[in-house]
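Since the structure comes first, as structure tokens, the remarks are kept for the end.
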Amino acid sequence: MRLSLLYVSIGLLLSSGFTNANEACDNASTQLALTECSAQAYQAADDELNKAYKRLVDRLEHHSASLEKLREAQRQWVGFRDAECAFESSAVEGGSAQPMIRNFCLENLTQTRTQTLLEHASCKEGDLSCP
């Protein structure tokens with residue numbers, strides 16, 4: 001059951017295309033190429049995360065207590081992301097697809113975190129729901 005769900009998930013991910021994939025990735029057909037493309041997509045997502053984090057750090061530069069809480073939250077989030085993706089890819093542990101599945105997870109969680117950071121960085125003065 002778990003393995004069939006994994007194969008369905010892989011199929012959906014592959015059929016939907018890779019976020020930020022280049023033309024070579026659109027036609028990738030070997031496991032090595034798919035893994036490389038998923039790594040590129042994750043790297044692109046990580047680059048965007050770093051930009052969003054810097055933007056929020058810049059916004060909080062005069063709020064040292066909030067800035068320290070952001071730094072701690074980000075450290076904790078990185079630990080969670082890595083542990084979650086290790087768990088999500090554990091169904092294919094040791095297999096050639098594991099790095100690709102892990103990269104898909106890393107990309108997805110990173111994109112979600114980036115959106116959260118961008119929302120925090122875009123808060124309007126007086127918005128009590130923002131740090």
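The values are calculated or read from the model by the stated rules, or taken from the named source; none is laboratory data. Keep in mind that this is a model prediction, so the values were computed, not measured. Every residue, glycine among them, receives a Cβ derived from its backbone with ideal geometry; neighbour counts consider all protein chains shown.
Residues considered: 109, 118. Of these, the only one that is touching a Cys at 6+ places or on another chain (Cβ under 9 Å) and of a type outside the set (S, T, N, Q) is 109.
Within segment 13-35, restricting attention to residues that are assigned to a loop (DSSP other than H, G, I, E, B) and modelled with pLDDT of 80 or more, the residue that is surrounded by the most Cβ atoms within 10 Å (Cβ to Cβ) is 28.
Taking each residue of segment 39-61 that is polar (S, T, N, Q) and looking for partners that are assigned to a helix (DSSP H, G or I) with beta-carbon atoms closer than 8 Å, six or more apart or interchain, yields 40/25.
Taking first residues from segment 67-94 that are within 14 Å of residue 131 (Cβ to Cβ) and modelled with pLDDT of 95 or more and partners that are of a type outside the set (Asp, Glu) and part of a loop (DSSP other than H, G, I, E, B), the Cβ contacts under 8 Å between residues at least 6 apart in sequence or on separate chains come to 67/60; 69/131; 70/60; 70/131. Out of all the residues in segment 23-36, is one or more touching a residue at least 40 places away in the same chain (Cβ under 8 Å) and touching a Phe, Trp or Tyr at 6+ places or on another chain (Cβ under 6 Å)? So far as segment 23-36 goes, no, none of its residues is touching a residue at least 40 places away in the same chain (Cβ under 8 Å) and touching a Phe, Trp or Tyr at 6+ places or on another chain (Cβ under 6 Å). Of the residues in segment 93-125, how many are on the phi < 0 side of the Ramachandran plot and part of a loop (DSSP other than H, G, I, E, B)? Here the count works out to 8.
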